[in-house]
Amino acid sequence: MRKIAALLFFIGSFLSSTLSAQQASVRVVRDLDFVANADYAENRDKLDLYLPEGRRQFPVIVSIYGGALTAGEKSKHAYVGQRFAAAGFGTAVINYRLSPAVSHPAHIQDAAAAFAWVKQHIGEYGGDPNAIFVIGHSAGAYLAALLALDERYLAAHKLSPRDLRGVVPVSAFFYVDRVAPDRPKTVWGTDVKTWLEASPSRYVNKNAPPLLLIYADGDDQWRRDQNEEMAAALRKAGGRDVTIKQVMGRNHTTIWSKLGEDEEVSNLIIAFVRRLTSQTAKK
């Protein structure tokens, strides 16, 4: 099965490159408020939509940037929205509250609220609310994984991880108890119990949505180890669609900063989305 999945990714990546010339024009809708009855400072409750012009019922990607949960701003990641919208996917690049102004679980609560907004409203912009994917980088990848595995945060919006068509954590971490000791205590606090409960690894289960774990050969060893360990744990739990890919010639920054180009990581994500939406269309 893993060899078949690898072959499908190769074919999908080839097709993505072949089709790159057939890019859609992109319409951008900025600063959409995804939190009702609140007004966060610095547009932390806003997202930007990147939409492929002239298309309907297109798949949608929700993108969560990294920055150690202490830094980041959606406008700095416009290239992500442009890349995937040009490939035919609606893309929501989201903001979320950051530490030290807030601590866990505020970051993941914001990610869940943004996803719920997209689920509810993307049909108004031409997207398919039943084909929403979540991607993220570094701390944003951690949030994407937690959203996919810990049901509590989507349950607050009467949704579940089954509403995620697929998830791509890029250079993620999954074991907060191993990360938190070296991070500011304003992020997850000082309680080891909280660290464990904040860890995606705690919620591994056979019903997880399809997952594509990507990391760089230039990532720190501990991060590479966490990705391999998490993939093994998901498969051991019975995960039916778990793929892991190490991308060569990249480091923790460039694996995401080059995403706006026609290159390996963006093509892997495009192939992943196309494969899963094609499977849905055949059912």
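Which numbered condition trips up residue 244, out of (1) touching a Lys or Arg at 6+ places or on another chain (Cβ under 7 Å); (2) outside any loop (DSSP other than H, G, I, E, B)?
(1) is the only condition that residue 244 fails.
What do you reckon, is residue 200 on the phi < 0 side of the Ramachandran plot and surrounded by 16 or more Cβ atoms within 10 Å (Cβ to Cβ)? Give the derivation first.
Working: on the phi < 0 side of the Ramachandran plot: yes; surrounded by 16 or more Cβ atoms within 10 Å (Cβ to Cβ): yes.
In short, yes.
Applying the selection to the range 102-134, what residues are over 19 Å from residue 160 (Cβ atoms) and among the hydrophobic types (A, V, I, L, M, F, W, C)?
Result: 102, 106.
Among the residues of the range 99-154, write down those that are within 20 Å of residue 214 (Cβ to Cβ) and surrounded by fewer than 21 Cβ atoms within 10 Å (Cβ to Cβ).
Residues satisfying the conditions do not exist here.
Specify which of the listed residues (69, 51) is in contact with a strand residue (DSSP E or B) (Cβ under 6 Å, 6 or more places away or on another chain) and either under 28 Å from residue 174 (Cα atoms) or surrounded by 21 or more Cβ atoms within 10 Å (Cβ to Cβ) (or both). Even if it seems obvious, please write down each step before you answer.
Numbers: 69 fails: in contact with a strand residue (DSSP E or B) (Cβ under 6 Å, 6 or more places away or on another chain).
Matching residue, one of 69, 51: 51.
Count, please, the residues in the range 131-177 that happen to be among the aromatic types (Phe, Trp, Tyr), under 18 Å from residue 72 (Cα atoms) and part of a helix (DSSP H, G or I). Steps first, answer last, please.
Going through the range 131-177, the residues among the aromatic types (Phe, Trp, Tyr) turn out to be 133, 142, 153, 173-175.
Pick out the ones that are also under 18 Å from residue 72 (Cα atoms) and you get 142, 173.
Next, only the ones that are part of a helix (DSSP H, G or I) stay: 142.
Going through the range 131-177 one residue at a time, the tally reaches 1.
Restricting to the range 258-270, give me the number of residues that are free of Cβ contacts under 8 Å to residues at least 60 places away in the same chain and closer than 18 Å to residue 72 by Cβ.
Taking the range 258-270 first, the residues free of Cβ contacts under 8 Å to residues at least 60 places away in the same chain are 258, 263.
Within this subset, residues satisfying the condition of being closer than 18 Å to residue 72 by Cβ are 258.
Within the range 258-270, residues that are free of Cβ contacts under 8 Å to residues at least 60 places away in the same chain and closer than 18 Å to residue 72 by Cβ number 1.
Quick test of your reading of the structure: residue 123 fulfils all but one of (1) in contact with a strand residue (DSSP E or B) (Cβ under 9 Å, 6 or more places away or on another chain); (2) within 29 Å of residue 195 (Cβ to Cβ); (3) not hydrophobic (A, V, I, L, M, F, W, C). Name the failing condition by number.
In the conditions (1) in contact with a strand residue (DSSP E or B) (Cβ under 9 Å, 6 or more places away or on another chain); (2) within 29 Å of residue 195 (Cβ to Cβ); (3) not hydrophobic (A, V, I, L, M, F, W, C), residue 123 misses (2) alone.
Test of understanding: among 63, 75, which residue is among the polar types (S, T, N, Q), over 11 Å from residue 26 (Cα atoms) and surrounded by 22 or more Cβ atoms within 10 Å (Cβ to Cβ)?
Numbers: 75 fails: surrounded by 22 or more Cβ atoms within 10 Å (Cβ to Cβ).
Being among the polar types (S, T, N, Q), over 11 Å from residue 26 (Cα atoms) and surrounded by 22 or more Cβ atoms within 10 Å (Cβ to Cβ) holds for just one of 63, 75, which is 63.
Read-outs: derived from the displayed coordinates by stated rules, not from any lab. What you see is a predicted model, and the numbers here were worked out from it, not measured in a lab. Don't worry about glycine lacking a Cβ; one is built from the backbone with ideal geometry, like all the others, and counts go over all protein chains shown.
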